[in-house]
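Following: one structure in structure tokens, then a few remarks.
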Amino acid sequence: MTKHVDIRPAGRTIAVPEGVTILEAALADGIAYPHGCRSGRCGSCKSRLVSGEVDLLDPSRFALSDEEKAQGLILACRAIPTTDAVVAWLGDDEETLSHPRRRLNCRVAAIADATHDIKRIQLVIDGADPLVFTAGQYARLTFPGAPTRDYSMASGPGERALEFHIRRVPGGAATQHIHALLKLGDPVLVEGPFGSSYLREQHTGPILCVAGGSGLAPIKGIVEAAIARGMKQPIHVYFGARGDRDLYLVDHFEGLAQRHPNLSFTTVLSDAPLGSVWRTGFVTDAVTKDLQDFDGWKAYVAGPPPMVKAAMQISTARGLRSEDLHADVFFTPEEPPARSQVPGFSRGI
């Protein structure tokens with residue numbers, strides 16, 4: 001039976017069909033509800049249940065603790081209303097972006113191999129203004145002959161070309177098509193922006209960025225935007241990969257760090273050969289060794305679920321507030337829960 005949910009920050013009441021989460025219904029109704037992974041792992045859609053009752057679908061305890069649940073907090077992506085309800089997402093004005101969502105006809109302007117399994121794709125917009133977004137957000141792309149998927153912008157706001165880093169995933173219909181068949185000049189439909197794991201430009205405290213694999217794309221956008229806006233606080237970037245062949249843009253980030261003393265860039269390989277020039281082990285272990293206290297920080301994390309989960313555990317255990325952690329989880333085909341197959345959910349496959 002349909003329930004009615006009043007979403008206070010949006011000033012809207014929506015109808016939520018039986019078995020549908022509040023977040024799914026809100027996004028379908030065009031509400032820019034803050035969110036990230038849509039699977040209860042990142043906490044970006046954390047909200048206060050002002051009134052009413054919901055069923056929660058097993059959120060990660062790192063995204064929503066027992067104490068927070070006792071205080072009346074929920075995750076909109078895991079909350080199915082069982083009565084009419086009133087909810088309010090958390091955060092200040094910077095948590096609520098007002099970028100118009102647009103559908104743009106674009107064309108492939110550049111294709112380059114970043115690594116053995118990651119393509120750097122640039123798209124130019126056909127006869128329209130640049131897409132307005134905040135660094136770290138993502139767009140929904142429909143390439144010719146491939147299913148629609150979500151990919152994070154690696155380019156900065158206001159640029160004429162939109163850049164995406166697309167990793168080939170075994171069995172992934174979209175990425176296999178893109179890597180094998182995509183050509184210069186091909187049309188691409190771009191819809192967006194989406195996502196709440198974006199740069200908080202009003203923040204003045206230190207920043208931690210952790211990227212795994214093609215998760216470097218949104219981190220690149222965030223770091224470059226922070227520099228362009230003159231943000232002077234320490235920015236610590238950690239890039240984790242398996243081996244040398246999985247590295248890319250290292251020279252670019254090292255050059256940025258040389259020119260901007262507040263920026264540090266650390267590369268960590270989990271499967272490095274003996275004598276490697278890079279740090280070895282898991283990228284989150286390097287963060288643990290280097291940084292002890294995250295009180296007052298913002299953390300931006302992008303990559304595969306195990307890395308994101310580990311980064312969440314480390315940072316929150318060392319004083320990071322859950323609302324200061326902004327996660328962009330890159331799933332592979334077998335990882336999303338079956339019931340969460342909403343359009344664009346399976347990032348990058």
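The values are calculated or read from the model by the stated rules, or taken from the named source; none is laboratory data. From a predicted model like this one, the values you see are computed outputs, not experimental measurements. Here the Cβ positions follow ideal geometry from the backbone for every residue, glycine too, while neighbour counts run over all protein chains shown.
From the list 139, 135, 128, which one is assigned by TED's automatic domain parsing to the domain that holds residue 192 and assigned to a strand (DSSP E or B)?
On the way: 135 fails: assigned to a strand (DSSP E or B); 128 fails: assigned to a strand (DSSP E or B).
Unique residue meeting the criteria: 139.
Restricting to region 153-175, name every residue that is touching a Gly at 6+ places or on another chain (Cβ under 7 Å) and either more than 19 Å from residue 247 (Cβ to Cβ) or outside any loop (DSSP other than H, G, I, E, B) (or both).
If the condition is that a residue be touching a Gly at 6+ places or on another chain (Cβ under 7 Å) and either more than 19 Å from residue 247 (Cβ to Cβ) or outside any loop (DSSP other than H, G, I, E, B) (or both), then 153, 155, 156, 166, 167, 175 are the ones that fit.
With respect to residue 70, is the statement that it is surrounded by fewer than 22 Cβ atoms within 10 Å (Cβ to Cβ), at pLDDT below 90 and touching a Leu at 6+ places or on another chain (Cβ under 9 Å) true? First the steps, then the outcome.
Numbers: surrounded by fewer than 22 Cβ atoms within 10 Å (Cβ to Cβ): yes; at pLDDT below 90: yes; touching a Leu at 6+ places or on another chain (Cβ under 9 Å): no.
Here the answer is no, as residue 70 does not meet what is asked.
Which one is modelled with the lowest pLDDT among residues in region 1-33 that are more than 13 Å from residue 77 (Cβ to Cβ), part of a loop (DSSP other than H, G, I, E, B) and of a type in the set (A, V, I, L, M, F, W, C)?
So the residue we want is 32.
Take the conditions on the phi > 0 side of the Ramachandran plot and among the small types (Gly, Ala, Ser) and apply them to residue 275. Does it pass? Reasoning before the result, please.
Details: on the phi > 0 side of the Ramachandran plot: yes; among the small types (Gly, Ala, Ser): yes.
The answer is yes for residue 275.
In the set 274, 256, which member is crowded, with 16+ Cβ neighbours inside 10 Å and either at pLDDT below 95 or in a helix (DSSP H, G or I) (or both)? So that I can check it myself, show each step before the final result.
Numbers: 274 fails: crowded, with 16+ Cβ neighbours inside 10 Å.
Residue meeting the stated conditions: 256.
When you look at residue 151, is it surrounded by 23 or more Cβ atoms within 10 Å (Cβ to Cβ), among the hydroxyl-bearing types (Ser, Thr, Tyr) and closer than 30 Å to residue 13 by Cβ, yes or no? Step through it out loud before you land on a result.
On the way: surrounded by 23 or more Cβ atoms within 10 Å (Cβ to Cβ): yes; among the hydroxyl-bearing types (Ser, Thr, Tyr): yes; closer than 30 Å to residue 13 by Cβ: no.
When the stated conditions are applied, residue 151 does not pass them.
Looking at residue 122, is it without any contact (Cβ under 8 Å) to a residue 60 or more places away in the chain and part of a strand (DSSP E or B)?
Values: without any contact (Cβ under 8 Å) to a residue 60 or more places away in the chain: yes; part of a strand (DSSP E or B): yes.
Answer is yes for this residue.
Could you look through region 175-199, keep only residues that are small (Gly, Ala, Ser) and surrounded by fewer than 23 Cβ atoms within 10 Å (Cβ to Cβ), and pick out the one that is modelled with the highest pLDDT?
If we filter region 175-199 for residues that are small (Gly, Ala, Ser), which is where we start, we get 180, 185, 192, 195-197.
So of that shortlist, the ones also surrounded by fewer than 23 Cβ atoms within 10 Å (Cβ to Cβ) come out as 180, 185.
Working: 180: 93, 185: 96.
Among those residues, the one meeting the criterion is 185.
Residue 202 versus (1) surrounded by fewer than 22 Cβ atoms within 10 Å (Cβ to Cβ); (2) of a type in the set (S, T, N, Q); (3) closer than 19 Å to residue 139 by Cβ: which is the lone unmet condition?
Answer for residue 202: the failing condition is (3).
Go through the residues of region 210-227 one by one and say whether even a single one is farther than 30 Å from residue 105 by Cβ, free of Cβ contacts under 8 Å to residues at least 40 places away in the same chain and assigned to a loop (DSSP other than H, G, I, E, B).
The answer is no; no qualifying residue exists.
Modelled with pLDDT under 95, within 20 Å of residue 214 (Cα to Cα), under 14 Å from the mean Cα position of the chain (by Cα) and of a type in the set (Gly, Ala, Ser): which single residue out of 139, 135 fits that description? I'd like the intermediate steps shown before the answer.
On the way: 135 fails: modelled with pLDDT under 95.
139 is the lone residue from the list that is modelled with pLDDT under 95, within 20 Å of residue 214 (Cα to Cα), under 14 Å from the mean Cα position of the chain (by Cα) and of a type in the set (Gly, Ala, Ser).
Go through region 189-216 and report how many residues are touching a Ser or Thr at 6+ places or on another chain (Cβ under 7 Å) and under 26 Å from residue 127 (Cβ atoms).
So the count comes out to 1.
What are the pairs, 6+ residues apart or on separate chains, where a residue within region 259-272 that is under 16 Å from residue 290 (Cβ atoms) and in contact (Cβ under 8 Å) with a residue 40 or more places away in the chain has its Cβ under 6 Å from a residue that is surrounded by 14 or more Cβ atoms within 10 Å (Cβ to Cβ) and aliphatic (A, V, I, L, M)?
263/235; 263/256; 263/257
For residue 227, state whether it is surrounded by 15 or more Cβ atoms within 10 Å (Cβ to Cβ) and over 18 Å from residue 118 (Cβ atoms).
On the way: surrounded by 15 or more Cβ atoms within 10 Å (Cβ to Cβ): yes; over 18 Å from residue 118 (Cβ atoms): yes.
Spelling it out, residue 227 is indeed surrounded by 15 or more Cβ atoms within 10 Å (Cβ to Cβ) and over 18 Å from residue 118 (Cβ atoms).
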